[in-house]
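The values are calculated or read from the model by the stated rules, or taken from the named source; none is laboratory data. Bear in mind the structure is a predicted one, so any value in this text is a computation, not a measurement. Because the Cβ atoms are built from the backbone with ideal geometry, glycine has one as well, and the counts that use them run over all protein chains shown.
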Amino acid sequence: MRGLRQGAGLAGLLLLAAALLLAGPARAERFSDIRNTRHNLSATVIPILPGGGERRAHAATESQICAFCHTPHGATEAPRVPLWNRKLSGVTYKTYSSTSLDAVDLGQPSPKSKLCLSCHDGTLALGAVNVLNRQEHPNVPMTGPGIGPGGTIPEGLGATTGFTRRLGTDLTNDHPISFTFDSAQAQRDGELVDPAVSPFVGERVRGEQPPLLPLEDQKVECITCHDPHIRDDSGQNIKFLRVNRFQQAAPIQGQFDPKRDIICLACHNKAGWAGSAHANPKVANYKYQDAAAELREFPKGTETWQAACLNCHDPHTVQGSRRLLREGVDGPEGVTALGAKYKFGGSPAIEQTCYACHSADGDVLQNQSARPGFGVPDIKTDFTTLARHMPIASRDQRAGREVHSIGTRKDLPQSGKDFVEDPRYMGKGDLTNRHAECTDCHNPHRVTRNRLFNADTSVPDTEGTHPHTPAQIAAAGRKEHTNLASGVLRGIWGVEPKSWAPDPTSASAGDPDVAEPTAFGSKPTFFEVKRGDPGVGASEDVNSPYVTREYQVCLKCHSNYAYDQPPLLGSFSGGTPPGTNALYRYTNQGMEFQSPDDHRGEGSAPSPSGAFGFGGTECTVTDPGVGGGTVQG
């Protein structure tokens, strides 16, 4: 008998080895070992957790592990649910929404995700199971240093912070779930992989090896990204993620590799990301301070390129934040014992996410306060200490709240990926909506540290602004200063005025053989939206479909594209005071640059009326070495 048992054991080992070989190297890094995870709530079976951590909640006396979630008898009735030993909450959830989210069936969480929420929404006690030791509906006593009221899930640093897994019933700050992810959704978005052809994302089919990131009934659910049973041997808190929590090597655009890439890139194929200043290891090589890393549960010494998406986003972020922005609110601030800062909820504030690194006092990156000299620009000082500054905070804006809403030009397909806004959100028809936000001028997925927008991202420059000094101009291979967009403007959207009202008083008005004359002081009547990521080596022609000039970014706010009547000076905080230069309203730059020839300033090549029109360089001098348009540069 002993020999038979040994033979059976050897056969089992061989089967296990074969299974591991079939699983492939990406899955070999994950182990199904719930005993050594935080999901082990047993009182007597103590898990070995990363870094020697301890559980903040567990049973007081109950020794079983699986019984807190599963039961062979008396399970909750729901389709395709794994013998669930807990009730599903009957609460109505406030779910994630966004103007740039193109999901068509985003509603209440499905039963498959309610399994997780039966603990993680905090409405039911961790010990509230259906059956245990032949008893129905016992309430297993729970204990631990972080146990919540009534034996519910711990609150971490606070239920409204981004450092809790007590998600509550307000899921607006959590990654959307229970929506259909198919080819149509990928096409509507424009920066999602197509699950129909992805080798890593797809429907779980009975009897077949599940994909790396399984969909349930073609929907994204909690278990698409998380496996509640797994751990790894890295000594890190992997958050039960099926794929890497951090970037392991430099990303390759559009080529997801589960051994190399952060899990987000399995679904999100952001144009320009691989060469961006936030993903390029040659640029994003600043290390996290130990306190900030500890707060985020990052390994010590994590560099910004390794944190990748997690620098700016958190799939379960602070309450009140939009688009899963990490700490993207204006609420009260807390400080950990080691000195790391975090927010207790609040109203949306995009700039707060950027200020974490782009400031002297964010306390996120090592040597961040060493100003001047630190490589990451300090934007916060400009916007919070100068008398005249962009109205980037909600308190500076007339609406008193964050109006900025990308993806609202519904007449333009996939406008969300390019951050395009409907003019109504910029003041057209209602000047109360006038605003300025970081992502009005910058697309953080595409910005590069290059002097020019089309430069080689593998060879970053010292700065991302366009050449200004003679040395910078020469280094860029130019003869003179130009208005070409720089790397920090790469991939954002803008507008190009294409036509103006004709001058009915002109002697040639109506003459088909003479170009239509333009009246001085007339407003542009049509703007072409410029958008999309140009790519390395892209054309600098002003007629290109993407932004090639700085003025194109400026004019989307500073022209009648964004308003009917120019706003009054002093109508928001931080702006130019009324009466400056005898002016009381902002000027319409789309009209101003269509000026008489003798007023044109820098540049050349007048329009048919003798006015100086938009053709390439309106803010700077001519560069004969740049092609495209009647005015070069």
Next item on the list: Determine whether residue 528 is within 21 Å of residue 591 (Cα to Cα), outside any helix (DSSP H, G or I), modelled with pLDDT under 95 and not β-branched (Val, Ile, Thr).
Entry: no
Next item on the list: List the number of the failed condition for residue 370; all other conditions in (1) hydrophobic (A, V, I, L, M, F, W, C); (2) within 22 Å of the chain's Cα centre (by Cα); (3) farther than 21 Å from residue 101 by Cα hold.
Entry: (2)
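In this structure, is residue 140 over 30 Å from residue 211 (Cα atoms), in contact with a Gly (Cβ under 9 Å, 6 or more places away or on another chain) and buried (at least 20 other Cβ atoms within 10 Å of the Cβ)? Working first, answer last.
Details: over 30 Å from residue 211 (Cα atoms): yes; in contact with a Gly (Cβ under 9 Å, 6 or more places away or on another chain): yes; buried (at least 20 other Cβ atoms within 10 Å of the Cβ): yes.
The answer is yes for residue 140.
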Margin query: Would you confirm whether or not segment 414-429 contains a residue that is of a type in the set (Asp, Glu) and touching a Cys at 6+ places or on another chain (Cβ under 8 Å)?
Written below: no
Next item on the list: Being of a type in the set (Ser, Thr, Tyr) and touching a residue at least 60 places away in the same chain (Cβ under 8 Å) is the filter; apply it to segment 259-317 and report the residue that is farthest from residue 236 (Cα to Cα).
Entry: 276
Notebook entry, point to check: Taking into account only those residues within segment 395-426 that are touching a strand residue (DSSP E or B) at 6+ places or on another chain (Cβ under 8 Å) and of a type outside the set (Lys, Arg), which is surrounded by the fewest Cβ atoms within 10 Å (Cβ to Cβ)?
Noted result: 412
Margin query: I'm told residue 202 meets every condition in (1) over 27 Å from residue 59 (Cβ atoms); (2) not in a strand (DSSP E or B) except one. Can you identify the failing condition by its number?
Written below: (2)
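Condition check ((1) under 19 Å from the mean Cα position of the chain (by Cα); (2) surrounded by 23 or more Cβ atoms within 10 Å (Cβ to Cβ); (3) among the basic types (Lys, Arg); (4) in a helix (DSSP H, G or I)) across all residues:
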{"site": "279", "(1), (2), (3), (4)": "yes, yes, no, no"}
{"site": "293", "(1), (2), (3), (4)": "no, no, no, yes"}
{"site": "298", "(1), (2), (3), (4)": "yes, no, no, no"}
{"site": "301", "(1), (2), (3), (4)": "no, no, no, no"}
{"site": "305", "(1), (2), (3), (4)": "yes, yes, no, yes"}
{"site": "310", "(1), (2), (3), (4)": "yes, no, no, yes"}
{"site": "327", "(1), (2), (3), (4)": "yes, yes, no, no"}
Check: Could you count how many residues in segment 86-102 are at pLDDT 95 or above and touching a helix residue (DSSP H, G or I) at 6+ places or on another chain (Cβ under 6 Å)?
Finding: 1
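Here's the yes/no breakdown for (1) free of Cβ contacts under 8 Å to residues at least 40 places away in the same chain; (2) of a type in the set (Ser, Thr, Tyr); (3) closer than 25 Å to residue 297 by Cα; (4) in contact with a Phe, Trp or Tyr (Cβ under 9 Å, 6 or more places away or on another chain):
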site: 160; (1), (2), (3), (4): no, yes, yes, yes
site: 166; (1), (2), (3), (4): no, no, yes, no
site: 171; (1), (2), (3), (4): no, no, yes, yes
site: 180; (1), (2), (3), (4): no, yes, no, no
site: 185; (1), (2), (3), (4): no, no, no, yes
